[in-house]
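The values are calculated or read from the model by the stated rules, or taken from the named source; none is laboratory data. Keep in mind the model is a prediction, meaning the values are calculated, not measured. Please note: Cβ atoms are built from the backbone with ideal geometry, for glycine as well, and neighbour counts cover all protein chains shown. Accessible surface is based on the protein model in full, side chains and every heavy atom, while ligands, DNA and RNA are left aside. Shrake-Rupley method; radii C 1.70, N 1.55, O 1.52, S 1.80 Å.
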Number of protein chains: 6
Amino acid sequence: MRILIVNPNTTASMTRRIATAAERVLAAGTELVAVTSSMGPASIEGYYDEALAVPGLLQAIRQGERDGADAAIIACFDDTGLDAARAMAGIPVIGICEAAVATASFIAQRFTVVTTMERSRLPVEALVHRYGMGMRARVRAADIPVLSLEDPASTARERLCREIEIALREDRAEAIVLGCAGMADLPRQLQNEFGVPVIDGVAAAVKQAEALVTLGLSTAKRGAYAFPVEKTYTGMLASFQPDVAPAA
Amino acid sequence: MRILIVNPNTTASMTRRIATAAERVLAAGTELVAVTSSMGPASIEGYYDEALAVPGLLQAIRQGERDGADAAIIACFDDTGLDAARAMAGIPVIGICEAAVATASFIAQRFTVVTTMERSRLPVEALVHRYGMGMRARVRAADIPVLSLEDPASTARERLCREIEIALREDRAEAIVLGCAGMADLPRQLQNEFGVPVIDGVAAAVKQAEALVTLGLSTAKRGAYAFPVEKTYTGMLASFQPDVAPAA
Amino acid sequence: MRILIVNPNTTASMTRRIATAAERVLAAGTELVAVTSSMGPASIEGYYDEALAVPGLLQAIRQGERDGADAAIIACFDDTGLDAARAMAGIPVIGICEAAVATASFIAQRFTVVTTMERSRLPVEALVHRYGMGMRARVRAADIPVLSLEDPASTARERLCREIEIALREDRAEAIVLGCAGMADLPRQLQNEFGVPVIDGVAAAVKQAEALVTLGLSTAKRGAYAFPVEKTYTGMLASFQPDVAPAA
Amino acid sequence: MRILIVNPNTTASMTRRIATAAERVLAAGTELVAVTSSMGPASIEGYYDEALAVPGLLQAIRQGERDGADAAIIACFDDTGLDAARAMAGIPVIGICEAAVATASFIAQRFTVVTTMERSRLPVEALVHRYGMGMRARVRAADIPVLSLEDPASTARERLCREIEIALREDRAEAIVLGCAGMADLPRQLQNEFGVPVIDGVAAAVKQAEALVTLGLSTAKRGAYAFPVEKTYTGMLASFQPDVAPAA
Amino acid sequence: MRILIVNPNTTASMTRRIATAAERVLAAGTELVAVTSSMGPASIEGYYDEALAVPGLLQAIRQGERDGADAAIIACFDDTGLDAARAMAGIPVIGICEAAVATASFIAQRFTVVTTMERSRLPVEALVHRYGMGMRARVRAADIPVLSLEDPASTARERLCREIEIALREDRAEAIVLGCAGMADLPRQLQNEFGVPVIDGVAAAVKQAEALVTLGLSTAKRGAYAFPVEKTYTGMLASFQPDVAPAA
Amino acid sequence: MRILIVNPNTTASMTRRIATAAERVLAAGTELVAVTSSMGPASIEGYYDEALAVPGLLQAIRQGERDGADAAIIACFDDTGLDAARAMAGIPVIGICEAAVATASFIAQRFTVVTTMERSRLPVEALVHRYGMGMRARVRAADIPVLSLEDPASTARERLCREIEIALREDRAEAIVLGCAGMADLPRQLQNEFGVPVIDGVAAAVKQAEALVTLGLSTAKRGAYAFPVEKTYTGMLASFQPDVAPAA
């Protein structure tokens, strides 16, 4: 089984840490392919970055599927381009936010997602709501620029811990979800430090992707995720013109 | 006052009909600038097209703002790229779906949106829910390819009427919202034909855009719509690298 | 186009300030008729006042429609008698609360309504919920009697500002909605003072009323807003006996 | 214990049937006072009638409280004026819709309310939602004018039975709530006929009113139901000017 | 009329206090039978205790019904085994949580339930939500072990009062619901002390049980509460094998 | 890694089919232990059976944990006793309904659960709602007694297929969830037959259990899932008296 993980943030050091976290939980026999998107923002912070990260992400998933991936993971906590990727691809696609909150739902009744910047708080809150956990999860921002997580000299980890403490006290969180792919190296340490389950979406998504492949399940192609309709694409993005849709 | 209306479907004939519908309801003293996006799909049908229409849309709004527009309208019923555009722009941005359902909410307790293709039904349903009308509005698809609305020989209008009849009978709809920018020429005829209010989002959005400008209101730049953070953009989309954010 | 605005608080000085705020945003060619209700409470604070303000309000709208108004606005933030007025009238009727929250929804993801008295907080909260903004808006009361807004010597403005500060800090409000028709003179000053969008329902409702008239839309007369059925009315309110309903 | 029941429909024959239904379920030692409102519509069908029935209703409750009633019931299924009456009165006030749906909630997971006219369907649906039963109850209209229930020669009973059959089959209703005070004489017969629990709000409200009195509970006067504030009332409704509020 | 009240906590002193509270509100002619469950936990604190209290509870209700009870009450605030009991029994069954929150809904718009232990807070919150009061009620735990309420020397009452104070101040609660059957002796004292309505579920449930019997209503046997299907039960619980279901 | 799967239906042939389905998807290195509960109903159909299946289920999980299981699965689609088991156990516990709907959420926007008997429909619907999929999933009953699935001569499979057809046509389901552990042998056949993803909860739960163990995650012991408090248990169930809770 081959799992593709795409980092839609165009920062290769971040992809390496994501890959390390993913490899730690791979089942025997699973191969991981980690790819950095080749176009778009260095980090995704808010709606504008998110929108412009999507073409590069889609390109990487399309290429990965052609190269034989059995499932794809989008390694950004705002589940960038998830719906478009699901419609485009014939293989299952998993977002790390959806994987993280589904996993949290099996071990805690109330949990808190701690994400990076205030401008990402409401987009993540909307995802949590969409995934059916609006009544069970709170979302907090620790005021951490995404790329500061790449910098060992930054205070990002301290800020994250401070926000986790607030979540445990004020939200009565029973578990913590780390709300950024750039935090994928931290869950075990933080779990030891705080004595509550700490969930990283990257590792969670790997297990969900493996699960879907083993179960023989892929995206339903009936309804909103039907393959794109053939049509003309113009301008800079003409290369994204959809292939002829596979027969249903 | 200058209102920019961008058609993110890269089909100029559709833009012309949109402009005609918009001009019919302009207040005295409002100037309309109608623009066809220069890159992306000829028509937006589902998540994949929608995602790839966003860069062209953002480019057109950025240019329009630089050229002096006071407000911008996104003329596609899935409110393509609305959040990204609001974060990017200093002027207010209105989606035709949100304008249409807000307008419908003032005249009917229950209404039905009739959109084009089945693959657009759930995305529009999610918007209607996001705009707070999930309990009051139904969404139906009439099985009409978007570009067939450009073709006078197609049966698009018949299919639309058939679905409106079903909505009136089965949903007990009190009003109808036309769920595609390509239907912007139809509301008055259909209103006469069916004897219930029929709302087109293009015209509705023009009035909302004018309202915001007159009221001196623009997008709140505190929270999720804060201007994008400066950072490196790479690859084909490098030209979208955000400007230095204006001072708050 | 003639817009009727009815103040269901029987206090003429308040009507004058409402009219001033409304006139400031009128489109060229719109005529405003501002009327004070002739029966009921001097100010509407809570459910009891609200119920007893409705007959006077309905009378004024009925008269206004006979005199040629194209749309009517109810200038009290609890949208007093809105459903009854919509059922009675052949012209569109807009409440200032619904207009304000719809307008806020186009420029902010989260906003706070600051109303007058604690006893009005839950009724306004119920409206905000009904208008689909329950997840996006908070309601606060600044402990301001309505008529103190008529008195330049009162501390009403200070209390309002104090509550806005709390809303910005604790609710992370991105915009503020002024929750009383008696605050219609304040939005521009407060917007300058706090640096966030501040929305007044009176001005917002004027633009919505104009929009409906221009768009050729009026209340759907199918369903709950059908014209009242002919029947006997007795006692003090016999004069409210409905006319023969116009043909559909 | 003395229970006041007010029929806000100004039709005395209807009040007599309501009183008969109420008396059938009175506890030993409870006295019933049934009153017809002295002003307003002969029957309440839709928002307009409802609004104009409120002053007469409030007057009757105020008088009843002065005459020693321990609790009051509003005998119209749209719970006409309930909030205003609760704020005004020092005694508990119960609506027949809220009593019926609370009672139904103890014996069925899914139930259907069958009301009279289509124009009353959405108002009742809004009540059911407000009372927290939106996920558990459906509302249907049997197309029965309220006063036809007073006429033994009408087909009202047949239409009601037809709609109950549809509710049992299509909604999989486990119980039926009769959605009009004018149906208060029917529950036992219909229960026998259809073999499912049938709930009448008048009788249900009597038991809830008795319960509150026995439990020593009355409306909370903190918050939205605080006694009305003293102020000037003008015009035809000046007599409704609130008394000095009792000390909290 | 004979009302059975079962205490699923196997602590007889608690049952005696429950019986005293219940008797205080009985209607003339109602007989009360109070029973302590003969198997399971001494007190119910959390999901595990709750699950293991159910067999004893069901046994007591089955016996009570055979002995002629007209209705049954489950005297534990997590409404232990309510659904199973309703399916099993031919008589109506009332939980004290559902009775308390329905009663509170008639006298307050916002109220707070104060329960015992933190581990019971979320289960009670889920009940409140299920009963449709999720938007209107908050749940707080006062950190009181259930059996400490049996001990006059404990600080349970102080802790309860402290939490009520917080609820009045921070939740703006208009009324308080006591969230444990072991608090059934306290409502009148606390009502005097705090000046807001205080509701005990035991007394509330007695009145609801009487109401259902008087109204001739019992659990709908169509749908989820249909009598259990005949089948083999094995092992320690074989005696619970359902009887042949009565004819519908 | 050792996964315990407990069938709370006391029917060994059903457990064998469950084990077969589970083994088909085990990761290399995972050992499966399948256990039939030793007390309670032969099949779980509705609330009464469900409640009386819990003690046997808890006993089996407690024994399995002592024998070294790393995670436990409850193999009944009503997720019988899930909360009690989570509170009791130190290892993670997964229900097959929650696993199935979480898995479905990754591949379809709208799906339908097809369960056995009408009396199980509402309990499953409540679970689907609790798991956050109330807006995305429908629940249907195919009128199949659970044990008929053990009988190759029954028409159970035909009835199931008929209901799937209805779900695809009327609910526009994009995927089907099989709503009974006794259907665990069917997903691949049905997926081929209907051409849409078909999800079995048993296999889905195996993958979720493996995922939690690999991720080093277990039930949060802070809040509602804290270990049971020590106390006296009496009567037939005295052996369930909780052990001293492990140190947090």
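Just to be sure before I move on: is D:Ile164 within 18 Å of the chain's Cα centre (by Cα), within 14 Å of chain E (Cβ to nearest Cβ) and of a type in the set (Val, Ile, Thr) in the structure I sent? Spell out the reasoning first.
Working: within 18 Å of the chain's Cα centre (by Cα): no; within 14 Å of chain E (Cβ to nearest Cβ): yes; of a type in the set (Val, Ile, Thr): yes.
The answer is no for D:Ile164.
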Lone unmet requirement of (1) surrounded by fewer than 23 Cβ atoms within 10 Å (Cβ to Cβ); (2) in contact with a strand residue (DSSP E or B) (Cβ under 8 Å, 6 or more places away or on another chain); (3) free of Cβ contacts under 8 Å to residues at least 24 places away in the same chain for A:Ala28: (2)
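Under 17 Å from the mean Cα position of the chain (by Cα), within 14 Å of chain D (Cβ to nearest Cβ) and open to solvent by 10 Å² or more (accessible area, probe 1.4 Å): which single residue out of C:Asp49, C:Asp83 fits that description?
Working: C:Asp49 fails: open to solvent by 10 Å² or more (accessible area, probe 1.4 Å).
The conditions single out C:Asp83.
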Conditions (1) within 25 Å of C:Lys231 (Cα to Cα); (2) under 17 Å from the mean Cα position of the chain (by Cα); (3) more than 8 Å from every other protein chain (Cβ to nearest Cβ); number of the one not met by D:Leu122: (3)
Hey, E:Ala60 within 14 Å of chain F (Cβ to nearest Cβ), out of contact with any His (no Cβ under 7 Å at 6 or more places or on another chain) and farther than 27 Å from D:Ala211 by Cβ or not: no
Scope segment E:180-208; condition touching a Phe, Trp or Tyr at 6+ places or on another chain (Cβ under 8 Å), assigned to a helix (DSSP H, G or I) and either over 18 Å from E:Phe106 (Cβ atoms) or small (Gly, Ala, Ser) (or both); matching residues: E:Ala181, E:Gly201
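A quick yes/no check of all residues on (1) touching a residue at least 40 places away in the same chain (Cβ under 8 Å); (2) outside the structural domain of A:Thr15 (by TED's automatic domain parsing):
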residue	(1), (2)
A:Gly90	yes, no
A:Ile107	yes, yes
A:Arg110	yes, yes
A:Val114	yes, yes
A:Glu118	no, yes
A:Arg121	no, yes
A:Val124	yes, yes
A:Val128	no, yes
A:Tyr131	no, yes
All positions within segment E:31-46 that are at the interface with chain F (Cβ under 7 Å from one of its Cβ atoms), part of a loop (DSSP other than H, G, I, E, B), open to solvent by less than 10 Å² (accessible area, probe 1.4 Å) and within 20 Å of E:Met236 (Cβ to Cβ): E:Met39
Which numbered condition C:Gln208 fails, given (1) crowded, with 21+ Cβ neighbours inside 10 Å; (2) within 14 Å of chain D (Cβ to nearest Cβ); (3) among the polar types (S, T, N, Q): (2)
Meets criteria (open to solvent by 10 Å² or more (accessible area, probe 1.4 Å) and among the aliphatic types (A, V, I, L, M)) for C:Ala60: yes
Unmet criterion (only one of (1) touching a helix residue (DSSP H, G or I) at 6+ places or on another chain (Cβ under 6 Å); (2) open to solvent by less than 10 Å² (accessible area, probe 1.4 Å); (3) more than 9 Å from chain B (Cβ to nearest Cβ)) for A:Asp70: (2)
Filtered residue count, segment D:127-155, keeping only those that are within 14 Å of chain E (Cβ to nearest Cβ) and either more than 15 Å from D:Cys76 (Cα to Cα) or in contact with a Cys (Cβ under 7 Å, 6 or more places away or on another chain) (or both): 11
Which numbered condition A:Phe227 misses (of (1) at the interface with chain F (Cβ under 9 Å from one of its Cβ atoms); (2) within 27 Å of F:Phe111 (Cα to Cα)): (1)
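For (1) among the aliphatic types (A, V, I, L, M); (2) more than 14 Å from chain D (Cβ to nearest Cβ); (3) touching a residue at least 60 places away in the same chain (Cβ under 8 Å), each residue gets a yes or a no:
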residue	(1), (2), (3)
E:Leu168	yes, no, no
E:Gly182	no, yes, yes
E:Gln189	no, no, no
E:Pro197	no, no, yes
Looking only at segment B:110-126, and only at residues there that are among the hydrophobic types (A, V, I, L, M, F, W, C) and surrounded by fewer than 24 Cβ atoms within 10 Å (Cβ to Cβ), the one that is farthest from B:Arg140 (Cα to Cα): B:Ala126
Extreme residue, farthest from A:Leu147 (Cα to Cα), among residues of segment A:1-20 that are surrounded by fewer than 24 Cβ atoms within 10 Å (Cβ to Cβ) and not hydroxyl-bearing (Ser, Thr, Tyr): A:Met1
Members of segment A:54-78 found to be aliphatic (A, V, I, L, M) and not in a strand (DSSP E or B), listed by number: A:Val54, A:Leu57, A:Leu58, A:Ala60, A:Ile61, A:Ala69, A:Ala75
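Evaluate the following for C:Leu237: is it at the interface with chain D (Cβ under 9 Å from one of its Cβ atoms), part of a helix (DSSP H, G or I), farther than 23 Å from B:Ala220 by Cα and open to solvent by less than 10 Å² (accessible area, probe 1.4 Å)?
Working: at the interface with chain D (Cβ under 9 Å from one of its Cβ atoms): yes; part of a helix (DSSP H, G or I): yes; farther than 23 Å from B:Ala220 by Cα: yes; open to solvent by less than 10 Å² (accessible area, probe 1.4 Å): yes.
Here the answer is yes, as C:Leu237 does meet what is asked.
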Residues located in segment E:52-109, provided they are of a type in the set (D, E, K, R) and closer than 30 Å to C:Pro123 by Cα: E:Glu98
Failed item in (1) open to solvent by 10 Å² or more (accessible area, probe 1.4 Å); (2) out of contact with any helix residue (DSSP H, G or I) (no Cβ under 8 Å at 6 or more places or on another chain), with E:Phe227 passing the rest: (2)
Answer residue from segment D:8-30, given it is within 14 Å of the chain's Cα centre (by Cα) and within 14 Å of chain E (Cβ to nearest Cβ) and is farthest from D:Gln208 (Cα to Cα) among those: D:Ala21
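If I go through segment B:211-224 residue by residue, how many of them are touching a Ser or Thr at 6+ places or on another chain (Cβ under 9 Å) and within 7 Å of chain C (Cβ to nearest Cβ)? Steps first, please.
Of all residues in segment B:211-224, those touching a Ser or Thr at 6+ places or on another chain (Cβ under 9 Å) come to B:211-213, B:215, B:217, B:224.
Now narrow it down to the ones that are within 7 Å of chain C (Cβ to nearest Cβ): B:211-212, B:215, B:217, B:224.
Of the residues in segment B:211-224, 5 are touching a Ser or Thr at 6+ places or on another chain (Cβ under 9 Å) and within 7 Å of chain C (Cβ to nearest Cβ).
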Looking only at segment F:86-109, and only at residues there that are within 14 Å of chain E (Cβ to nearest Cβ) and in contact with a helix residue (DSSP H, G or I) (Cβ under 6 Å, 6 or more places away or on another chain), the one that is surrounded by the most Cβ atoms within 10 Å (Cβ to Cβ): F:Val93
